[in-house]
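Just below is one structure, and these are the notes that go with it.
The values are calculated or read from the model by the stated rules, or taken from the named source; none is laboratory data. In this text the structure is predicted, and so the values were computed from the model without any measurement. Glycine also receives a Cβ, built like all others from the backbone with ideal geometry; neighbour counts cover every protein chain displayed. Just so you know, the surface numbers come from the protein's heavy atoms only, side chains and all, with ligands and any DNA or RNA stripped out. Shrake-Rupley method; radii C 1.70, N 1.55, O 1.52, S 1.80 Å.
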Amino acid sequence: MSQRWIAWFRKLFQHAAVDHDLEAEINAHVQLMTDENAANGLGPEAARRQALLDLGGVQQVKEEVRAVSAGLWLEHLWQDVRYGARMLRRSPGFVATAALTLALGIGANTAMFSVIDGVLLNRPPFAEPSRVMVVYMKEPNGATNIFSTPNYLAWKRQNSPVTTMAAMAGGSLSLGSKDGVERILGYQASSEIFSVLGVTPALGRAFTADEDRPGAGNVVLLSDSLWRTRFHSDPSILGSKLDLDGQPYTVIGVMPPGFHIFPYTAEQYYRPLQLETQDAVASSRTVHWLLAMLRVEPESSQKASQSALDAIAARLRHDDPSGDAGFGLTLQTYQEFVTGNIRGPLLILMGSVGFVLLIACSNVANLLLARATSRRLEMSIRAAVGAQRSRVVRQLLTESVLLSLIGGALGLLMAFGALKVVLVLNPVYLPNLQAATINTTILVFTTLVCLCVGILFGIVPALVASRVDLSNALRETSRGAGRSGGKHRVALVILETALASVLLIGAGLSIKSLWKVSRVDPGFNPNGLLTFKIAPPGSAKDQPYVFFQRVLEAVRALPGVESAALGRNIPLSNVDPGVPVAVDGGAPQITDGQVVTRMRLVGPLYFHVFETTVLRGREFSESDTAASQPVAIVSQSLAQRYWPNQNPLGKTLKPNLPDAPWYTVIGVAADVRHLGLDTDIEPTAYYPYPQFPKSLTPLATKFTTVVIRSAQMSGLADAVRHAAAGVDNTVPIYDVQTVDQMLLDAGSLRRFDMSLFAAFAGLALILAAIGVYGVMAYSVAQRTREIGIRMALGATRQDVLRLVVGQGVKMAVAGVMAGAIGALALTRLMASQLYDVSATDVWTYAFVSVAVVGFILLASYLPSRRAMRVDPNQALRHE
């Protein structure tokens, strides 16, 4: 292709718009050359063929044109960036104000997305986690439950996706060494667990199916953290013996760094489940203690696997109508299991911080609209010399994006500080929060936000500024230009006020919920209570309750201890076992309408220590032994459920457990909220330790909790450790904490949500007020002449005050009304997160509306003071 034609194309793309249709340009030039060839005497076909030959083919032309076009586009972009940076340098005050405003919005979004990334998007430490499912049994009443041993084995025998299903159960063991004894958490798991999770040990091997059978011996895998901290990363650990609960275990492997089955637990060991035992726990269908997981096939899906399981359940129900395996299974993704309860609140928080960013964008858009007035002459000259409107818009958007990137850089610095605050709040039940960091993903997110935000807040000002009427633009005075974009600025302020109102209403509902929760009676007095857990040593396996009593007596003898008691599952321990019960000689309620009764195993003085009121009858005493009549205490809700309008004392009940006797009710206790103040009250039955079914004693007495009431908590934990060591120094106590702290932990997620929501709402209100102030101040400056004329004609300062503030009131009322309508729609999304508060709570809406209007009025009053001080003589000369 000749240099003449290349030069022609270069000239073409220098003087023509880059966005012209490339195909049309090439076809037009091919036609031009064809006409020239035809004029030289060639026929139509020969002329076109010669034109294509001269051009070297259309495809080559396209490629060369594209190369020239791309080079020109980059050159123009670089010119826009340099010119935009030069213009921003000339307005440092404007840049500082706009960048700081954007930094608040972008920084808050970056910090919140870091939390989302660490908690919700964090990849589990095993292969293809989307294929890993948590499996539940379906109960007769439609509820779900974990597995009993017989039901788990029955499903394992089916030719279905559950053939490779793995089971596990959490627990703890005492790790002994020459340095002392410590309690470590871990899992018993079936041999399929590591294939289900798709992970292999980093050192050594996993246990086999043969090692997962009773009597195969004791083997154990260690977590990477335990291997590094306790065994100093010793590579020769394989094959060595560990003392776990007084039994020798052979170390066969070490798991990879960062591996954990669930992020809520810091498990430190994994040992075979060895299920097929013949004790009461293994043979009972009513003891549910196994959590199951499976991996669906690559070509399958959760829905397809669920359908296959439902078909098998129908067959099992047909073959054995009396069995409970036929009620079926239900699948839940691993991610849903881990984050299901927190996904909603976190996404609501992410949406709320997005509103903050929109308000920040509105503020900056208002600043740009005001700045466009001062650049109106520049835009007019550009248009006069032939600049197309699209070219001007592109230049202004480039400046907006540069401004956004500056704000994003400052926002990243703010996000670092905000993350530290979030980590201080650190709710207990928010998994992987420590993984919330500023990493590469967050940097990419922030960059994309900056680009989008730059276009979002820049597009309207750019379109307004580029709309120039050349007939009067060059003659336009500042007075006339000041009215440019006024409607847009007012609309943006109304939008800011509406968004801030929505957030404040949401925050108000959240704060009111937290206040309601704080006033709930837990059913016990948490003040002055210290708890710890202890497990019996190997020498006390046959008589664990006797060992617990010895520890209890040693604790009661400590100075300052007012009372102490034993409890298997105390309130707020996050363990809530339950079984159906039969009452008054009837059959156990295992029909579709069953009521699951919560089960508590406690010792004498339990209610006295917790200061839970015994409404009728008496509490347990030392005389309630294994040889005496079995007795029970029921909660008020259980008594009302089974014996309404009757005296429950003397009634009988029987838990649906192996070898359970009929228990006579000797007392009615006040209802207790066991899982938190915002959880529902459920029927509860309390049984004395010595009278629990003997076949279940090994399971029930793996550990117990000692509860101590004392007015002096300082130094009590150390004294308790010393007292327990005096009974048996080979048994450590663990989970030492006050009930006050347990109560705080139980409500930590709600406080976390409320704190962030309130912070975002407060930030939104401040930004909205700043936006109103900016618009009002600019309006006063542009209406100086008008105000002077009004005052010259007799208007008083009060009249001017009403004029200026009235404009602010109109914007505030419009914004609040729009915000209330938006809140009615959006706060329903958080209805499930509220406690005893309606999403349409009238008092919250009214309070927020009045507060927002008052805040906006204050922001409007400050510029109005300037308007009241206008000198009419100077104002009449103002241009």
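Of all the strands (runs of 3 or more DSSP E) wholly in the stretch 596-694, which have at least 1 residues that are basic (Lys, Arg) and more than 23 Å from Thr704 (Cβ to Cβ)?
In the stretch 596-694, 614-617, 652-655 are the strands (runs of 3 or more DSSP E) which contain 1 or more residues that are basic (Lys, Arg) and more than 23 Å from Thr704 (Cβ to Cβ).
Of all residues in the stretch 533-553, which are aromatic (Phe, Trp, Tyr) and closer than 14 Å to Ser174 by Cβ?
Result: Phe547, single match.
Condition check ((1) within 30 Å of Arg750 (Cβ to Cβ); (2) modelled with pLDDT of 75 or more; (3) β-branched (Val, Ile, Thr)) across all residues:
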residue	(1), (2), (3)
Lys303	no, yes, no
Gln306	no, yes, no
Asp320	no, no, no
Ala325	no, no, no
Asn341	yes, yes, no
Leu346	yes, yes, no
Phe355	yes, yes, no
Asn363	no, yes, no
Leu377	no, no, no
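Which pairs do you get when a residue that is more than 21 Å from Thr265 (Cβ to Cβ), found in the stretch 735-746, comes within reach of a residue that is part of a helix (DSSP H, G or I), reach meaning Cβ atoms under 7 angstrom, with the pair 6+ apart or on two chains?
Qualifying pairs under 7 Å: none.
Could we say that Ala266 is in contact with a His (Cβ under 9 Å, 6 or more places away or on another chain), within 23 Å of Met133 (Cα to Cα) and open to solvent by 50 Å² or more (accessible area, probe 1.4 Å) here?
yes
The rows are residues; the columns are (1) of a type in the set (A, V, I, L, M); (2) more than 20 Å from Gly567 (Cα to Cα).
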| site | (1), (2) |
| --- | --- |
| Thr652 | no, yes |
| His674 | no, no |
| Ala685 | yes, no |
| Tyr689 | no, no |
| Lys694 | no, no |
| Thr701 | no, no |
| Val707 | yes, no |
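State whether the residues of the stretch 506-520 include one that is outside any helix (DSSP H, G or I) and of a type outside the set (Val, Ile, Thr).
Among the residues of the stretch 506-520, at least one is outside any helix (DSSP H, G or I) and of a type outside the set (Val, Ile, Thr), which makes the answer yes.
Is there any pair linking a residue in the stretch 524-538 that is touching a residue at least 40 places away in the same chain (Cβ under 8 Å) to one that is of a type in the set (S, T, N, Q) and not in a strand (DSSP E or B), with Cβ under 7 Å and at least six apart or on different chains, and which?
Taking only residues 6 or more apart or on different chains, the pairs are Phe524/Thr612; Pro536/Thr701; Pro537/Thr730.
Tell me, which residue of the stretch 811-866 that is aromatic (Phe, Trp, Tyr) and closer than 26 Å to Leu492 by Cβ is surrounded by the most Cβ atoms within 10 Å (Cβ to Cβ)?
Here the answer is Tyr845.
How many residues does the stretch 731-758 hold that are farther than 22 Å from Ala418 by Cα and assigned to a loop (DSSP other than H, G, I, E, B)?
Qualifying residue count for the region: 2.
Being open to solvent by 20 Å² or more (accessible area, probe 1.4 Å), more than 30 Å from Ala669 (Cα to Cα) and among the small types (Gly, Ala, Ser) is the requirement here; does Gly506 meet it? Don't jump to the end; show me each part of the working.
Details: open to solvent by 20 Å² or more (accessible area, probe 1.4 Å): no; more than 30 Å from Ala669 (Cα to Cα): yes; among the small types (Gly, Ala, Ser): yes.
Here the answer is no, as Gly506 does not meet what is asked.
One line per residue, one yes/no per condition, for (1) over 19 Å from Arg183 (Cβ atoms); (2) of a type in the set (Gly, Ala, Ser):
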{"position": "Ser225", "(1), (2)": "no, yes"}
{"position": "Ser233", "(1), (2)": "yes, yes"}
{"position": "Leu242", "(1), (2)": "no, no"}
{"position": "Asp245", "(1), (2)": "no, no"}
{"position": "Gly253", "(1), (2)": "yes, yes"}
{"position": "His260", "(1), (2)": "no, no"}
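Looking at (1) surrounded by fewer than 16 Cβ atoms within 10 Å (Cβ to Cβ); (2) outside any helix (DSSP H, G or I); (3) of a type outside the set (Asp, Glu), find the lone condition where Gly762 falls short.
(2)
Take the stretch 489-503 and flag every residue that is of a type outside the set (Ser, Thr, Tyr) and crowded, with 18+ Cβ neighbours inside 10 Å.
Arg489, Leu492, Val493, Ile494, Leu495, Glu496, Ala498, Leu499, Ala500, Val502, Leu503, listed by residue number.
Test Ala415 against the stated conditions and say whether it is open to solvent by less than 30 Å² (accessible area, probe 1.4 Å) and more than 30 Å from Gly676 (Cβ to Cβ). Before you say what the answer is, go through the steps one by one.
Working: open to solvent by less than 30 Å² (accessible area, probe 1.4 Å): yes; more than 30 Å from Gly676 (Cβ to Cβ): yes.
Yes.
Yes/no matrix, rows are residues, columns are (1) over 30 Å from Ser400 (Cα atoms); (2) more than 14 Å from the chain's Cα centre (by Cα); (3) among the charged types (D, E, K, R):
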site	(1), (2), (3)
Ala103	no, yes, no
Ala108	no, yes, no
Met112	no, no, no
Gly118	yes, no, no
Arg123	yes, yes, yes
Phe126	yes, yes, no
Arg131	yes, yes, yes
Tyr136	yes, yes, no
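Could you check the stretch 521-538 and list, in sequence order, the residues that are more than 24 Å from Pro688 (Cβ to Cβ) and either touching a Pro at 6+ places or on another chain (Cβ under 8 Å) or part of a helix (DSSP H, G or I) (or both)?
Gly538
For the stretch 530-580, which positions are in contact with a strand residue (DSSP E or B) (Cβ under 6 Å, 6 or more places away or on another chain), among the aliphatic types (A, V, I, L, M) and closer than 29 Å to Tyr429 by Cβ?
Matches in the stretch 530-580: Leu530, Ile534, Ala564, Ala565, Leu566, Ile570, Val579.
Out of everything in the stretch 461-476 that is open to solvent by 60 Å² or more (accessible area, probe 1.4 Å) and closer than 19 Å to Thr398 by Cβ, what residue ends up being modelled with the lowest pLDDT?
We begin by selecting, within the stretch 461-476, every residue open to solvent by 60 Å² or more (accessible area, probe 1.4 Å); these are 463, 467, 469-472, 474-476.
Applying the additional criterion that residues be closer than 19 Å to Thr398 by Cβ yields 463, 467.
Numbers: Leu463: 77, Arg467: 70.
Among them, the one singled out is Arg467.
Which residue pairs have Cβ atoms under 7 Å apart, sit 6 or more places apart or on different chains, and have a first residue in the stretch 299-312 that is over 11 Å from Val162 (Cβ atoms) and a second that is open to solvent by less than 50 Å² (accessible area, probe 1.4 Å)?
Note: pairs meeting the criteria are Gln302/Met133; Gln302/Val296; Gln302/Leu331; Gln302/Thr333; Gln306/Leu331; Asp310/Gly328.
Does the stretch 548-565 include one or more residues that are out of contact with any Gly (no Cβ under 8 Å at 6 or more places or on another chain), over 23 Å from Ile708 (Cβ atoms), of a type in the set (Asp, Glu) and open to solvent by 60 Å² or more (accessible area, probe 1.4 Å)?
no
Report the residue count in the stretch 423-453 for those that are among the β-branched types (Val, Ile, Thr) and modelled with pLDDT under 85.
Here is the first cut: in the stretch 423-453, the ones among the β-branched types (Val, Ile, Thr) are 424, 428, 437-438, 440-442, 444, 446-447, 449, 453.
Adding the requirement that they be modelled with pLDDT under 85 leaves 424, 428.
Counting residues in the stretch 423-453 that are among the β-branched types (Val, Ile, Thr) and modelled with pLDDT under 85 gives 2.
What helices (runs of 4 or more DSSP H), lying completely within the stretch 25-142, carry at least 1 residues that are exposed (fewer than 12 other Cβ atoms within 10 Å of the Cβ) and at pLDDT below 70?
44-55, 58-89
Among the numbered criteria (1) crowded, with 20+ Cβ neighbours inside 10 Å; (2) closer than 30 Å to Lys541 by Cα, which single criterion is violated by Lys702?
Only one criterion in (1) crowded, with 20+ Cβ neighbours inside 10 Å; (2) closer than 30 Å to Lys541 by Cα is unmet by Lys702, namely (1).
I'd like to verify a number: residues in the stretch 160-207 that are within 22 Å of Pro235 (Cβ to Cβ), at pLDDT 90 or above and in a loop (DSSP other than H, G, I, E, B), how many?
Of the residues in the stretch 160-207, 7 are within 22 Å of Pro235 (Cβ to Cβ), at pLDDT 90 or above and in a loop (DSSP other than H, G, I, E, B).
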